[in-house]
Amino acid sequence: MNKQNRETIAKLQSKLEEIKGELEDLQSQESDKFENLSEGLQASEKGEALQEAADLLEEAANATENAVDSIQEALDALDNIQ
């Protein structure tokens, strides 16, 4: 892999790390909203939607972290053959 491609991959990896942080922040906000609801509202449609959104945002953050890790593993593998 040439230097330009490595730089591009490093930039993409950095962007993904930023996105992961933003997803984690949003997930935390949605979880806080859910936790601040009364028990009755937590069991309501609105509460369930907030919980589902928080869960899905957490999944997205985890998937983004996996992508960052995979990119790093690919770069490490390429470093080992050069």
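General observations
- Take every pair of alpha-carbon atoms less than 8 Å apart whose residues are at least six positions apart; their mean separation over the length of segment 3-81 yields a relative contact order of 42 percent.
- Angle between the chain longest axis and helix 3-35 axis [Cα atoms, degrees, rounded to 10]: 10 degrees
- Averaging over all projection directions, the Cα-based convex hull of the chain occupies 5.7 nm² in the image plane.
- Of Leu26, Leu37, Leu50, the one that fluctuates the most in a GNM where the chain has Cα springs shorter than 10 Å: Leu37
- Between the residues Ser44, Asn2, Phe34, the greatest Cα displacement towards the positive end of the dipole of segment 1-62, with unit charges on the Cβ of Lys, Arg, Asp and Glu, is found for Asn2.
- 0 to 90° range, to nearest 10: angle between helix 45-81 axis and the chain longest Cα axis: 10 degrees
- For the chain, calculated [θ]222 nm from helices alone, where every DSSP H run of n ≥ 4 adds -39500 (n - 2.57): -32000 deg cm²/dmol
Bear in mind these aren't lab numbers, they're just calculated from the coordinates by the rules spelled out. As the structure is a prediction and not an experimental result, all values here were calculated from the model. All Cβ positions, even for glycine, are placed from backbone atoms using ideal geometry, and neighbour counts span all protein chains on display.
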